[in-house]
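Take a look at the structure below.
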Amino acid sequence: MNTATPTEFEFSFLEEGFCAWDIVEQKISESSTTDDRDAFYICDLGDVLNKHLRWMRALPRVTPFYAVKCNDSRAVVMTLASLGIGFDCASKTEIQLVQSMGVAQSRIIYANPCKQVSQIKYASTHGVQMMTFDSEVELMKVARYHDSAKLVLRIATDDSKAVCPLSVKFGATLKACRGLLEQAKELGLDVIGVSFHVGSGCTDPKTFTQAIADARCVFDMGDELGFNMKLLDIGGGFPGSDDSALKFEEITAVINPALDKYFPADTGVKIIAEPGRFYVASAYTLVVNIIAKKVIMDEDLDSDEEDEGTSNRTLMYYVNDGVYGSFNCILFDHAHCFPILHKKPKPDEVMYPCSIWGPTCDGLDRIVEQCRLPDLQVGDWLVFENMGAYTVSASSTFNGFQRPDIHYVMSRAVRQHVQQVCSQGMPTPKEDCFLFDMPVSCGQESSSEMPTKSCQANVV
Ligand SMILES: *Cc1c(COP(=O)(O)O)cnc(C)c1O
């Protein structure tokens, strides 16, 4: 048995009328008085909580098991644990992390179809029962080292249109499923359901429909062979911000009818999902500082006399986080990152073709190949939004550049509301519509007080 060991993390409450952007301003003005202009993050945990409400509204039949690999910050995992949702762990360390927060074994799925034997043993001795597989060899390992496991067969999907396809690496074909189920039967193992992943950054909701239909076929095979098939896991792939090509609700509008058709509620099948990006992408704002700058003059381009030689100029900005740090998402997650200016440009400000580079000595360390920005100075700030998914969880300290500090904030109203929803259920849409409108415009209330009060929080 695990006992809850509440661990604390620090965050600030956002006072009414203030939003994460105000904290960006506050931190910038604090650090601009010193020479220490390190890059930093603002993480709005209220945004994570709001995402959960959005999930419950759009997918009421589906219990989320957050994919820890997407962002394993303690504060994020603990906030999600406090909501009572489940976790998708892919390794011993991820299992340790969520169990250290008192998450029950039944709320963990070990969703890595190819596991090291010692880690299967770890799951076994720590009570983690649900785990995925997609091969015969994995079944043999599980039979030997964890024979009470509740197995979930991962099937391949057509994820050719996803930003990050996963079925090149994982998932059994429909053809292979019967053989795998027969082998599980022979080994005396228990198969309880089917999982899939449509690929991270799904751009075609029909992939979900096909995968749900395929899962139905595999359920029928399992039932025929005498398994009690009772768990459908529809994986991840949901967008994390509203600037994605496909909106979350556009995907769920396709998923819900498919679930009702192939897995009607009266079949008693439990449906879960493994969202990662959805919960965390928009919660994180990264603020970087310009540490160096170069002006490149293209002598071949004639400039008119009037523009005083400005039209043949290209600017190179060097900032204090790069692709070996937070912007690893450009390499691994195929992300496209564009900055917002901290100092609003004047309406007639001249814009130049620019490139933006990270701080390391590697030529690969480029954040933006081409964009248009004004003539900025060393010491100026650039802001990148939607930086919560596949950023901090995969960054390195290559070349000795440290990871940015993360400042966690949360609005009281959001927290109270979520606590209420968790204890009393979802209110009618009318009552809570204010929540989704809330932080759009911010900082309307001018106040001479500090917008935040620091406090210790224990959300578990
Ligand atoms: C990475 C991963 C996820 C999360 O995917 P998102 O696209 O971030 O939602 C879920 N399940 C599995 C098995 C994964 O590998």
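Exactly one residue out of Asn386, Asn399 is in contact with a Ser or Thr (Cβ under 6 Å, 6 or more places away or on another chain) and part of a loop (DSSP other than H, G, I, E, B), and it is Asn386.
Can you tell me which residues in the stretch 347-381 are part of a strand (DSSP E or B) and of a type outside the set (Phe, Trp, Tyr)? Answer for the stretch 347-381, where residues must be part of a strand (DSSP E or B) and of a type outside the set (Phe, Trp, Tyr): Pro353, Cys354, Ser355, Ile356, Arg366, Ile367, Val368, Glu369, Gln370, Cys371, Arg372, Leu373.
Is there a residue in the stretch 210-232 that is under 21 Å from the mean Cα position of the chain (by Cα), open to solvent by 40 Å² or more (accessible area, probe 1.4 Å) and among the basic types (Lys, Arg)?
No, the stretch 210-232 contains no residue that is under 21 Å from the mean Cα position of the chain (by Cα), open to solvent by 40 Å² or more (accessible area, probe 1.4 Å) and among the basic types (Lys, Arg).
If the condition is being open to solvent by 60 Å² or more (accessible area, probe 1.4 Å), modelled with pLDDT under 95 and hydrophobic (A, V, I, L, M, F, W, C), then the stretch 389-442 contributes Cys422, Met426, Cys433, Phe434, Phe436, Met438, Val440. So, of the residues in the stretch 135-151 that are farther than 17 Å from Ser91 by Cβ and open to solvent by less than 30 Å² (accessible area, probe 1.4 Å), which turns out to be nearest to the chain's Cα centre (by Cα)? So the residue we want is Leu151.
Provide a single number: the residues in the stretch 25-37 that are among the hydrophobic types (A, V, I, L, M, F, W, C) and either under 21 Å from the mean Cα position of the chain (by Cα) or open to solvent by 50 Å² or more (accessible area, probe 1.4 Å) (or both). Give the derivation first.
Here is the first cut: in the stretch 25-37, the residues among the hydrophobic types (A, V, I, L, M, F, W, C) are 28.
Cutting the leftovers down to either under 21 Å from the mean Cα position of the chain (by Cα) or open to solvent by 50 Å² or more (accessible area, probe 1.4 Å) (or both) gives us none.
Qualifying residue count, the stretch 25-37: 0.
Scanning the stretch 241-253 for residues that are in contact with a Ser or Thr (Cβ under 6 Å, 6 or more places away or on another chain) and open to solvent by 30 Å² or more (accessible area, probe 1.4 Å) returns a single hit, Ala245.
Take the residues of the stretch 171-195 that are touching a Phe, Trp or Tyr at 6+ places or on another chain (Cβ under 9 Å) and in a helix (DSSP H, G or I): which is surrounded by the fewest Cβ atoms within 10 Å (Cβ to Cβ)? Ranking the qualifying residues of the stretch 171-195, first place goes to Lys185.
Identify all residues within the stretch 365-388 that are open to solvent by less than 40 Å² (accessible area, probe 1.4 Å) and within 15 Å of Leu331 (Cβ to Cβ); write none if there are none. Show your work before the answer.
Of all residues in the stretch 365-388, those open to solvent by less than 40 Å² (accessible area, probe 1.4 Å) come to 365, 367-368, 371, 373-374, 376, 379-384, 387-388.
Correct list: Asp365, Ile367, Val368, Met387.
Any idea how many residues of the stretch 136-180 are of a type outside the set (D, E, K, R) and within 16 Å of the ligand (Cβ to nearest atom)?
Residues of the stretch 136-180 of a type outside the set (D, E, K, R): 137, 139-140, 142-143, 145-146, 148-149, 151-153, 155-157, 160, 162-168, 170-174, 176-177, 179-180.
Checking which are within 16 Å of the ligand (Cβ to nearest atom) leaves us with 151-153, 155-157, 160, 162-168, 170-172.
Matching residues across the stretch 136-180 total 17.
Cβ-Cβ below 9 Å, separation at least six or inter-chain, first residue in the stretch 137-153 and more than 8 Å from Val191 (Cα to Cα) and not assigned by the TED database to the domain that holds Gln116, second of a type in the set (D, E, K, R) and part of a helix (DSSP H, G or I): which pairs? As it stands, the answer is none, since no pair meets every condition given.
The values are calculated or read from the model by the stated rules, or taken from the named source; none is laboratory data. Computed from a prediction, not measured in an experiment: that's the story for all the values here. When we count neighbours, we look across all protein chains shown, and the Cβ atoms used for this are built from the backbone with ideal geometry, even at glycine. Accessible surface areas use protein heavy atoms only, side chains included; no ligands, DNA or RNA. Shrake-Rupley method; radii C 1.70, N 1.55, O 1.52, S 1.80 Å.
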